[in-house]
Every structure is written in structure tokens, then in C-alpha cells.
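Structure record follows, encoded as C-alpha cells.
The values are calculated or read from the model by the stated rules, or taken from the named source; none is laboratory data. Owing to the predicted nature of the structure, the values given are computational and were not obtained by experimental measurement. Because the Cβ atoms are built from the backbone with ideal geometry, glycine has one as well, and the counts that use them run over all protein chains shown.
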Amino acid sequence: MKLIKSIFGIFFMAGIILTPQYISAQLKSSEKIIIVVDPGHGGRDSGAIGVNGIQEKEVVLKLALHMQKLNQEVFQNKFEIYLTRYSDTLISLSDRSKIARSLKADFYISLHCNHSPVPDAKGIEVYISRRNGINKGKSTYLAYQIEKSIAQRTGIKSRGVKFSDFQVLWDVVEISPSILIELGFVSNPDEAVYLGDSRNLEVLSLAILSVIN
């Protein structure tokens, strides 16, 4: 699987989308938990811009890469972690869900940062799809576990678990338990500084991965 992961990285850094047929042909059976991590935005879509100039697309990609690194160094490769993008590339929402489908993901985690015109707005939010399906219960459980873990390990205020019609969740909920995490408000001075520190992204990575089994 490490070879396949390397192939994934090479193609995505080149800005090439692998077809579902290609992916399926390369996959081998694995007993490891397969997690698809979706760093939101990318390319010309920067996402939210922080008060300190940080860009959402950069924060979430760094966090996703930290999750891969943590999997190797702390969890002894317990998981097979694939990203929907490995570089500053814009991937369509439909292609993000196709990746999860092709990999037969056990979990799908979409990463984002929040923004508000109110500077005092702060805290994490975890979303699950409004769509009913076989993975609705597992998605809900995962959302509450990750919300609790992040709040406890980081001290960041939790704004709760919420339901949404985000397309990436709507498309993936039938495939696997899926959540979307709003990691904090880049429009908040304190949280913008927090999310700009690589050491804090490592803590967030640990908070997310530690509850998946």
C-alpha cells in the first residue's frame, strides 16, 4: 500500500486526477483502517483569509500532512491515510467524493477553517450530513468523539456538532462515516495565531486520529 500511496502523491502533486478505474485496479486488500482526509479549497480557491494573512487552504493542507506524519511516527502506520490533494491544487467536490468511493474509505474527514464578520466568534464545529443513510449513526458518533477530543486536548471552545448539506458530506455519507471539521475562526485574532503554529496543528492531528479505531 505504501507504493500506491506514493503513486497517489506523485499524481496529485502533478495536478492529475486519478480515475476511479485506475485507483481500483491498483488497490490491494488491507486490514488497515482507510481514512480519506480532504483538505478543503486549494489552488485559486484560498478559502477564508485570516486576520494575520493565513489562508484556509494552507492551514488545512498542513494539518492533513501532519496527520500522515503522525500516523507513521506515533501510530506505527495503523491507518492508510490518503489525501484528496497533496499540494496547492483545486479539486472539484465531485472528485473528492469519487476518491473516497474508489478507495472504499472507512472514514472521510474534510478539513476547513471558519470565518465570521464578528471578530469575537471562535471555536470548533463538527458537521455531519443531514442525509439519512447506513452511515448516519457512525458519522454522528465520530463527530461527537472528535469534537470532545479536540476540545479536551487543545482547550479550544466547542460550538457543537451540527447538521449540514455540504456537498462533500452529502455525496460521501453512503460510502463511509463522514464529517467536516471547522477547526476554528481565522477571523479571530487568537485562533488565527493558533492555527498558524505548526506545533498546534500536530496537537489537532493527534486529537483527531486518537479516537479512530
Item to complete: Inspect all residues belonging to segment 183-201 and state whether any of them is closer than 29 Å to ASP95 by Cβ and out of contact with any helix residue (DSSP H, G or I) (no Cβ under 8 Å at 6 or more places or on another chain).
Response: yes
Practice prompt. Go through segment 66-84 and give me each residue that's of a type in the set (A, V, I, L, M, F, W, C) and crowded, with 18+ Cβ neighbours inside 10 Å.
Written response: MET67, LEU70, PHE79, ILE81, LEU83
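Go through segment 144-180 and give me each residue that's farther than 15 Å from GLY123 by Cα and either touching a Leu at 6+ places or on another chain (Cβ under 7 Å) or of a type in the set (Gly, Ala, Ser) (or both). Talk me through it step by step, then tell me what you get.
To start, the set of residues in segment 144-180 that are farther than 15 Å from GLY123 by Cα comprises 145, 163-179.
SER164, PHE166, GLN167, VAL168, LEU169, SER176, PRO177, SER178, ILE179 - these are the residues of segment 144-180 that are farther than 15 Å from GLY123 by Cα and either touching a Leu at 6+ places or on another chain (Cβ under 7 Å) or of a type in the set (Gly, Ala, Ser) (or both).
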Discussion item. Can you pull out every residue in segment 49-106 that is assigned to a helix (DSSP H, G or I) and more than 20 Å from ILE34 (Cα to Cα)?
Written reply: GLU56, LYS57, GLU58, VAL59
Fill in: Filter result (assigned to a helix (DSSP H, G or I) and either over 14 Å from ILE175 (Cβ atoms) or without any contact (Cβ under 8 Å) to a residue 40 or more places away in the chain (or both)) within segment 132-141
LYS136, GLY137, LYS138, THR140, TYR141
Practice prompt. Tell me, yes or no, whether segment 148-162 has at least one residue that is over 15 Å from VAL37 (Cα atoms), surrounded by fewer than 15 Cβ atoms within 10 Å (Cβ to Cβ) and out of contact with any helix residue (DSSP H, G or I) (no Cβ under 8 Å at 6 or more places or on another chain).
Written response: yes
Worksheet item: Residue check, GLU191 against (1) under 17 Å from the mean Cα position of the chain (by Cα); (2) in contact (Cβ under 8 Å) with a residue 24 or more places away in the chain, all met but one. Which one?
Response: (1)
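Looking at LYS62, LYS28 in this structure, which one is at pLDDT below 60 and charged (D, E, K, R)? Reasoning before the result, please.
Working: LYS62 fails: at pLDDT below 60.
Answer to the selection: LYS28.
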Item to complete: Output the number of residues of segment 29-55 satisfying the condition of being on the phi > 0 side of the Ramachandran plot and touching a His at 6+ places or on another chain (Cβ under 6 Å).
Response: 1
Worksheet item: Which of the residues spanning segment 114-153 are in contact with a strand residue (DSSP E or B) (Cβ under 8 Å, 6 or more places away or on another chain), among the hydroxyl-bearing types (Ser, Thr, Tyr) and under 13 Å from ILE208 (Cα atoms)?
Response: TYR144
Worksheet item: So, of the residues in segment 164-207 that are β-branched (Val, Ile, Thr) and over 13 Å from HIS112 (Cβ atoms), which turns out to be surrounded by the fewest Cβ atoms within 10 Å (Cβ to Cβ)?
Response: VAL193
